[in-house]
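S.K.: Dropping a structure here in structure tokens format, bear with me for questions.
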Amino acid sequence: MDTTSEKESRRIARLSLALPVRVESRVDAQLSWNEITRLNDISAFGAGFNLKHNVKRGRLVQMTMPLPRQMRCYDYAEPQYRIWGLVRSCITKENPKAAENHHAVGVAFIGKRPPPSYLNDPNKLFEISHQEDGKLWNVVEASSVAEEKAAPIDLRRHSRLSIPTNINIEKLDADGNVTASEATVTENLSLSGAAVFSMLEVEVGEFVRVKSEQYNVSIISVVRARRFGQDGIPRLHVEFVDRFFPLEGIS
């Protein structure tokens, strides 16, 4: 093998480097979260690590880490390597001995900057389109069903379940603070969204947090519609942003 091939093989090979990494995900122009963790493995084109947050497949995250220069694709002299990645998998790992579960996340590196459409709407989902030789992955906006490819077969492009599920819904301001809350029930529910009976004064495009004590879940959601039913009761139609609802526990 020549020297060029040897270098490329080292860049592609996954190495077990327990380097610290800061992972940030943005929900909208104001609301975001970040978490410090350690790498499980990494190559020049992707990485694996554990997070407390559950992140949807297809979301973009930004990582900051002190990656060795020989594994970088740019910014070789910078002390910290900042790179965007596409979440390709997020698998919940239950740990009875820990206070909360963690999630094994795998990402594909896409470059120094996110796509322009992400800057306009950080809530968008993406998928890999192709990879040019020796370069980072290219992405395109995901189709409406792309985020469900990792779900169980019987839950993909699922119909909504018309059953009431007790939830709490919290209205969030631009800084992610709760400004109002309400205990209510769902009118119908799916993996990626719900119709909720609600008297909260929220507008289409605003963010709420949907919480279920019964199913031990808390999900950042965006309001997609607000309407009154024939019974005169208002409903909110919400799309779940940062994870699916655990429908496996509902019959």
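S.K.: May I ask you to say which residue of Arg224, Arg235 is in the same structural domain as Asp173 (by TED's automatic domain parsing), of a type in the set (D, E, K, R) and under 26 Å from His53 (Cβ atoms)?
M.R.: On inspection, the qualifying residue turns out to be Arg224.
S.K.: Could you pull out the residue among Gly205, Gly193, Gly176 that is over 18 Å from Gln30 (Cβ atoms) and either out of contact with any helix residue (DSSP H, G or I) (no Cβ under 7 Å at 6 or more places or on another chain) or crowded, with 20+ Cβ neighbours inside 10 Å (or both)?
M.R.: Checking each option against the conditions leaves just Gly193.
S.K.: Might you let me know whether the stretch 161-173 holds any residue that is in contact (Cβ under 8 Å) with a residue 60 or more places away in the chain and either among the acidic types (Asp, Glu) or not in a strand (DSSP E or B) (or both)?
M.R.: Scanning the stretch 161-173 turns up at least one residue that is in contact (Cβ under 8 Å) with a residue 60 or more places away in the chain and either among the acidic types (Asp, Glu) or not in a strand (DSSP E or B) (or both).
S.K.: Would you confirm, using the coordinates I've provided, whether Phe109 is of a type in the set (A, V, I, L, M, F, W, C), under 23 Å from Ala18 (Cα atoms) and in contact with a Gly (Cβ under 7 Å, 6 or more places away or on another chain)?
M.R.: The answer is yes for Phe109.
S.K.: Give the stretch 47-73 a look and list any residue that's assigned to a loop (DSSP other than H, G, I, E, B), modelled with pLDDT under 95 and not basic (Lys, Arg), or say none.
M.R.: Listed by number, the residues that qualify are His53, Asn54, Val55, Gly58, Leu67, Pro68, Cys73.
S.K.: Also, quick follow-up: Under 27 Å from Leu60 (Cβ atoms), touching a Pro at 6+ places or on another chain (Cβ under 7 Å), at pLDDT below 90 and of a type in the set (A, V, I, L, M) - does that describe any residue in the stretch 183-196?
M.R.: Scanning the stretch 183-196 turns up no residue that is under 27 Å from Leu60 (Cβ atoms), touching a Pro at 6+ places or on another chain (Cβ under 7 Å), at pLDDT below 90 and of a type in the set (A, V, I, L, M).
S.K.: Is it fair to say Gly85 is modelled with pLDDT of 95 or more and in a strand (DSSP E or B)?
M.R.: Yes: the conditions hold for Gly85.
S.K.: Can I ask one more? For the stretch 152-173, enumerate the residues that are modelled with pLDDT under 80 and out of contact with any helix residue (DSSP H, G or I) (no Cβ under 9 Å at 6 or more places or on another chain).
M.R.: Answer for the stretch 152-173, where residues must be modelled with pLDDT under 80 and out of contact with any helix residue (DSSP H, G or I) (no Cβ under 9 Å at 6 or more places or on another chain): Ile153, Asp154, Ser159, Arg160, Asp173.
The values are calculated or read from the model by the stated rules, or taken from the named source; none is laboratory data. Every value quoted in this text rests on a predicted model; they were computed, and no experiment measured them. Here Cβ is always computed from backbone atoms with ideal geometry, including for glycine, and neighbour counts include all displayed protein chains.
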